[in-house]
1. Kindly list the number of the only condition in (1) farther than 22 Å from residue 184 by Cβ; (2) surrounded by 15 or more Cβ atoms within 10 Å (Cβ to Cβ); (3) at pLDDT 95 or above; (4) away from the ligand (no atom under 12 Å from the Cβ) that fails for residue 292.
2. So for the stretch 244-257 (the condition being within 15 Å of the ligand (Cβ to nearest atom), in the same structural domain as residue 160 (by TED's automatic domain parsing), part of a helix (DSSP H, G or I) and crowded, with 19+ Cβ neighbours inside 10 Å), does at least one residue qualify?
3. Looking only at the stretch 34-59, filter to residues that are touching a helix residue (DSSP H, G or I) at 6+ places or on another chain (Cβ under 6 Å) and outside any loop (DSSP other than H, G, I, E, B); which one of those is nearest to the ligand (Cβ to nearest atom)?
4. Please indicate, with yes or no, whether at least one residue in the stretch 302-312 is out of contact with any helix residue (DSSP H, G or I) (no Cβ under 8 Å at 6 or more places or on another chain) and part of a helix (DSSP H, G or I).
5. Of the residues 284, 280, only one is within 16 Å of the ligand (Cβ to nearest atom) and in a strand (DSSP E or B); which?
6. Scan 187, 224 and give me the residue that is surrounded by fewer than 20 Cβ atoms within 10 Å (Cβ to Cβ) and either part of a strand (DSSP E or B) or over 22 Å from the mean Cα position of the chain (by Cα) (or both).
7. Let me spell it out: the conditions are (1) in a helix (DSSP H, G or I); (2) more than 12 Å from the ligand (Cβ to nearest atom); (3) surrounded by 19 or more Cβ atoms within 10 Å (Cβ to Cβ), and residue 273 meets all of them except one. Which number is the exception?
8. Mind listing just one residue for me: the one in the stretch 316-333 that is within 15 Å of the ligand (Cβ to nearest atom) and surrounded by 19 or more Cβ atoms within 10 Å (Cβ to Cβ) and, of those, nearest to the chain's Cα centre (by Cα)?
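The values are calculated or read from the model by the stated rules, or taken from the named source; none is laboratory data. The model shown is predicted, which means the values in this text are computed figures rather than measured ones. Glycine gets a Cβ as well: all are built from the backbone with ideal geometry, and neighbour counts include every protein chain shown.
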Ligand SMILES: Cc1cc2nc3c(=O)[nH]c(=O)nc-3n(C[C@H](O)[C@H](O)[C@H](O)COP(=O)(O)O)c2cc1C
C-alpha cells in the first residue's frame, strides 16, 4: 500500500488573495478555486474538476462548448489550458510540485489533463508564485488603449520570456501596415460571422448571461441587440478600430494544430496575461478573425508564420483598469467529485 503524500495543509492563510467567494480551507479545493478564475472564451468557463487524493482531473465541459463560433474546439482547449496553468500557479504558490499528463486516456478527449500534485516536490521556478496575486485581479480589457504609451522593450522581454515551450512561438506585431491588415481581416470576419443567424444566436446567449460583465439590464438589452438588430457593421468597425489603434498585437502560433497544442497555447497565454497584469499592461484577445478558416490563414500570412498555425491573437497596451467584473461559476458547481 502506498503512503499518503505529505501535502501542505495550506500555506499560512493570510497571503492567499481572495477573489470572490470565500477561500476553501482544503488546499486541493483551493487550487481549483484559482483555476476557475482563468479567462475563457465568452466567459463560458468550460471546465469541471475531479479531485482525488493527490490528483486533480481537468475535464472539458462539452455542454459549454460554443459549437458555432468554435467548431474545431480551438478556443475551448485554449480556455482549458488557461485553467490548468492557473491551477499549477496556485500549487506553485503553495510550494508544491505538479506533474501533468495531458489527455491521459486516449479514447477520452474530454479528460484534458490529470494534474498530479505532490506536496513534497519542488516548484517549477521561483518566479511563478509571484504571479498568484495577479490571478485575482487580472481582467480582459475592453477599453481603448492609450495611443501615446508604447509597450516598452523591457515589457516585451518580460512577456517573451515568461513561458518556455519549444512547440510554441510568440510573435509581436508592431508594424503599422501589418496591424492595419489584421484590423481589415477582423472587420471582414466580423461581417461574415454576424451574417450567420446561428452565430448571432449563440453570441446573444453569452451576452444575455452577462459575459461582458455588464448589469442584468444591459446584458438583456445586449442580448436583444445582438440577436435582433443589424449591429454587425458597428461591431466590425469597433473591433477593427481596437486592433488598428493598439500599440502592439501579439500572436501565439504552433507547429501543429492539435488539441494538445491549443492547451499549451492557453497555458502560455495565462502566464503572459499575469506577467502583463504585474506590469499594469492590459490585454484583450481578438478571436473572430481566427474563427473563420479563410481569415485564420490570412492572419498567419500577415504575421509571416510560414507553415505555422495561428492560434491566439491579442492586443496589448495601456489603459485604465477594467471595472466590469465577469462572474465566475461557484466552486460547488464545478467539482464533480472530491475524494478529500
Ligand atoms: C480562447 C479565448 C478567446 C477569447 N476571445 C475574446 C475576444 O475575442 N474578445 C474579447 O473581448 N475577449 C475574449 N476573450 C476573453 C474572455 O471574454 C474573458 O476571459 C471572459 O469574459 C472572462 O473575463 P475576464 O478575462 O475579464 O476574467 C477570450 C478568452 C479566451 C480564453
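1. Result: residue 292 passes all but (1).
2. Scanning the stretch 244-257, I find no residue that is within 15 Å of the ligand (Cβ to nearest atom), in the same structural domain as residue 160 (by TED's automatic domain parsing), part of a helix (DSSP H, G or I) and crowded, with 19+ Cβ neighbours inside 10 Å, so the answer is no.
3. Among residues in the stretch 34-59 that are touching a helix residue (DSSP H, G or I) at 6+ places or on another chain (Cβ under 6 Å) and outside any loop (DSSP other than H, G, I, E, B), the one nearest to the ligand (Cβ to nearest atom) is 41.
4. Within the stretch 302-312, not a single residue is out of contact with any helix residue (DSSP H, G or I) (no Cβ under 8 Å at 6 or more places or on another chain) and part of a helix (DSSP H, G or I).
5. On inspection, the qualifying residue turns out to be 284.
6. 224
7. (2)
8. Looking at residues that are within 15 Å of the ligand (Cβ to nearest atom) and surrounded by 19 or more Cβ atoms within 10 Å (Cβ to Cβ), I get 316.
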